Amino acid sequence: MNICPRFLTPDSKHFDCEIFCLQTSNKEIQLIQRALATTYENILNVIMGGELELIKEAYNSQRNQYNADILLRYLLEIKKKDTALWVIKKDLYCNGMNFVFGYAIYHRGAVLSTYRLSSQKLIEKEAIHEVGHIMGLRHCRNHCVMQFSNSLWEAKMKSSSLCENCKRKIMSFSNH
């Protein structure tokens, strides 16, 4: 299925993705920026949005976690660009899941938690994964960064890059 993101117009071959952070080092953000720019070359323009504070409504004291859905909806209200990615060092969950590495809404934005990710490589993988969702990619069954990961082991085992099928889908977005 060919999904063309609504933020790509016939005259536009790229889109802007604003990156916000919380308790994330400049070095981590720069490495995420580079990984995204390399993976989504000629399609993605990464713009720094600065530090964004958590909202108390998202915190669940019984779980000692933040609700990713509430955080993402907040992000979507305040973003100024086409899409946004919020990188935070807090534990996230969504309904029906014990935890999530990230949470996205197609063509709008995503929140990424580095809380359970034990290396910069894993953080970069999951950033690429979440931005893939923003761009319209679904979970993939190939050896691909878009594989679903429900554990740290699964996240470590999946590829750091897009498979050829997902690359073709991404390239078709820029040709519309």
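Picking from 83, 106, 144, whose Cα lies most toward the positive end of the charge dipole for the range 15-174 (charges on Cβ: Lys, Arg +1; Asp, Glu -1)?
Most positive-ward Cα: 144.
For the chain, what does -39500 (n - 2.57) per DSSP helix run (n ≥ 4), summed and divided by total residues, give at 222 nm, in deg cm²/dmol to the nearest 500?
On the way: 5 runs with 57 residues, N = 176.
Dividing the helical sum by the residues of the chain leaves -10000 deg cm²/dmol.
Under 5 Å between amide hydrogens, which residues at least 5 positions from residue 87 or on another chain qualify, with H placed 1.01 Å from N in the peptide plane?
20, 21, 22, 112
Could you list 124, 154, 53 so that the one with the fewest beta carbons within 10 Å of its beta carbon is first and the one with the most is last?
On the way: 124 22, 154 12, 53 7.
Going from least to most buried by this count: 53, 154, 124.
What shape does the range 68-113 have by the C-alpha gyration tensor, where a ≥ b ≥ c are the square roots of the eigenvalues, rounded means a/c under 1.5, and otherwise prolate means a/b greater than b/c and oblate the rest?
Values: a/c = 2.18, a/b = 1.79, b/c = 1.22.
Note, shape of the range 68-113 comes out prolate.
Could you identify which residue out of 120, 147, 62 has the top mean-square fluctuation in a GNM of the chain using Cα springs shorter than 10 Å?
62
Give the calculated FRET efficiency between residue 120 and residue 165 to the nearest 0.05, with a Förster radius of 22 Å applied to their Cβ-Cβ distance.
Here the calculated transfer efficiency is 0.25.
Give me the one-decimal nm value for the distance between modelled label points at residue 51 and residue 34, 7 Å along each residue's Cα-to-Cβ direction.
Result for the modelled spin labels: 2.4 nm.
Measuring from label point to label point, each 7 Å out along Cα→Cβ, what is the residue 138 to residue 98 span in nm?
Simple spin-label model gives 2.7 nm for this pair.
Using the structure shown, list the pairs from 56/158; 27/169; 89/121; 79/156; 89/169; 89/158 with a Cα-Cα distance above 26 Å, or answer none. Provide the component values of the computation, followed by the final result.
Working: 56/158 34 Å; 27/169 30 Å; 89/121 15 Å; 79/156 31 Å; 89/169 31 Å; 89/158 22 Å.
Long pairs (Cα-Cα over 26 Å): 56/158; 27/169; 79/156; 89/169.
Rank 97, 157, 146 by mean-square fluctuation in a GNM of the chain with C-alpha springs under 10 angstrom and give only the top-ranked residue.
Evaluated over the chain, the most mobile residue of the options is 97.
So how much slack lies between residue 154 and residue 59, counting 0.36 nm per residue of separation and subtracting their Cα-Cα distance, in nm? All intermediate terms of the calculation are to be shown ahead of the outcome.
Working: separation 95, 0.36 × 95 = 34.20 nm, distance 2.65 nm.
Length gained, residue 154 through residue 59: 31.5 nm.
Which of 138, 63, 116 moves the most in a Gaussian network model of the chain with Cα springs under 10 Å?
63
Restricting to the range 15-174, what percent of DSSP beta bridges are antiparallel, rounded to 5?
Numbers: 7 of 27 bridges.
Rounded to the nearest five, the antiparallel share is 25 percent.
Every read-out reported here was derived from the displayed coordinates using simple, explicitly stated rules and does not represent laboratory data. These numbers come from a predicted model, not from an experiment. Heads up, the Cβs are rebuilt from the backbone with ideal geometry, glycines too, and the neighbour counts pull from every protein chain shown.
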